[in-house]
1. Provide the net charge surrounding GLU41, with neighbours chosen by a C-beta distance below 14 Å and charges set as Lys +1, Arg +1, Asp -1, Glu -1.
2. Starting from the coordinates of the alpha-carbon atoms of the chain, obtain the Kirkwood hydrodynamic radius over all distinct pairs and give the value in Å to one decimal.
3. Quick one: check the C-alpha center-to-center distance for region 31-90 versus region 138-159, whole angstrom.
4. Tell me the relative contact order for region 2-231 as a rounded percent, counting alpha carbon contacts under 8 Å between residues six or more apart.
5. Rounded to the nearest 5, what % of the DSSP beta bridges within the chain are antiparallel ones?
6. Between rounded, prolate and oblate, where does region 94-232 land on the alpha carbon gyration tensor, with a ≥ b ≥ c its root eigenvalues, rounded for a/c under 1.5, else prolate if a/b exceeds b/c?
7. Arranged from highest to lowest average of other beta-carbon atoms within 10 Å per residue, in what order do the peptides 70-81, 188-199 appear?
8. Under 4.7 Å Cβ to Cβ, no partner at all: give me those cysteines from the chain, in residue order.
Amino acid sequence: MIGLIGAMSVEIEALEGRLEEREETRIGMHRFVSGRLFGHEAVLAVCGPGKVNAALCAQAMILRFQPEWVLNLGVAGSGESGVGIGDMVIADAAVQHDMDTSPLGDPPGYVSMVGLTEFPCDADLAARLLRAAGKVEGMRVHRGIVATGDQFIHSAEQRTRIHDLFRAKAVEMEGAAVAHACLMNGTPCAILRSISDNADGGSDMDYPAFVTLAAAHSQRVVGSLLTEEAAQ
Ligand code: ADE
């Protein structure tokens with residue numbers, strides 16, 4: 001069983017449409033659909049935006065379905081100028097850019113108890129996603145830090161701050177929360193994001209224009225990864 005989590009329906013509905021032998025399970029307000037996806041046992045969920053929605057969804061998914069790994073896929077704002085709309089970002093690790101106990105002497109983003117700033121993603125899964133994304137013609141693929149927070153980033157100042165602190169290639173609202181839940185349960189995870197906007201003053205215009213296309217991009221990469229791995 002593999003687990004796929006998107007924040008919004010548009011981020012998983014193309015994959016959900018390919019799910020066979022589907023079964024629905026509700027846990028609290030989250031709906032999980034499981035079945036066969038390109039030859040793999042899979043469970044999919046829309047977690048809703050933000051870190052708490054994402055962590056709750058990942059935790060429930062892990063406890064109920066015990067997935068081998070969990071992938072958070074969807075769209076993101078660009079974290080730096082070399083990463084453009086339509087590009088793909090695959091996380092090596094994710095940070096919670098709005099976690100801040102620095103007045104108490106901790107580094108920005110540091111999460112006490114876990115004792116980490118960067119939540120690691122599974123290197124092997126990231127490499128497999130990178131290979132799958134690299135095969136999509138014309139797609140530019142980046143690998144690095146994804147920064148997560150409970151804010152839609154829409155100014156050059158906010159984006160620069162996050163980049164200066166964490167070297168983020170993409171900014172979004174769920175990835176590090178999924179990675180956090182996965183780490184606490186010993187479940188490998190990955191984050192795959194396609195860029196819908198530049199997280200600057202134009203992002204309120206760019207996001208609605210490109211969200212559907214960007215969401216389709218990341219689902220296409222997952223589809224090709226699963227198809228290829230089922231054939232092996
Ligand atoms: N997801 C897509 N674009 C985003 C942005 N600019 N900020 C946060 N999450 C996003």
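The values are calculated or read from the model by the stated rules, or taken from the named source; none is laboratory data. This is a predicted model, so every value here is computed, not measured. Every residue, glycine among them, receives a Cβ derived from its backbone with ideal geometry; neighbour counts consider all protein chains shown. Each accessible area value is taken on the protein alone, full model and side chains, heavy atoms only, with ligands, DNA and RNA left out. Shrake-Rupley method; radii C 1.70, N 1.55, O 1.52, S 1.80 Å.
1. Numbers: positive: ARG18, ARG22, ARG36, ARG64; negative: GLU20, GLU21, GLU23, GLU68, GLU229.
Every neighbour counted, the sum reads -1.
2. 17.3
3. First find each Cα centre; the distance between them is then 16 Å.
4. On the way: 550 pairs, mean separation 64.9, N = 230.
Once normalised by length, the contact order is 28 percent.
5. Once the DSSP bridges in the chain are tallied, antiparallel ones form about 45 percent.
6. It is oblate, given that a/c is not under 1.5 and a/b is not larger than b/c.
7. 188-199, 70-81
8. CYS121
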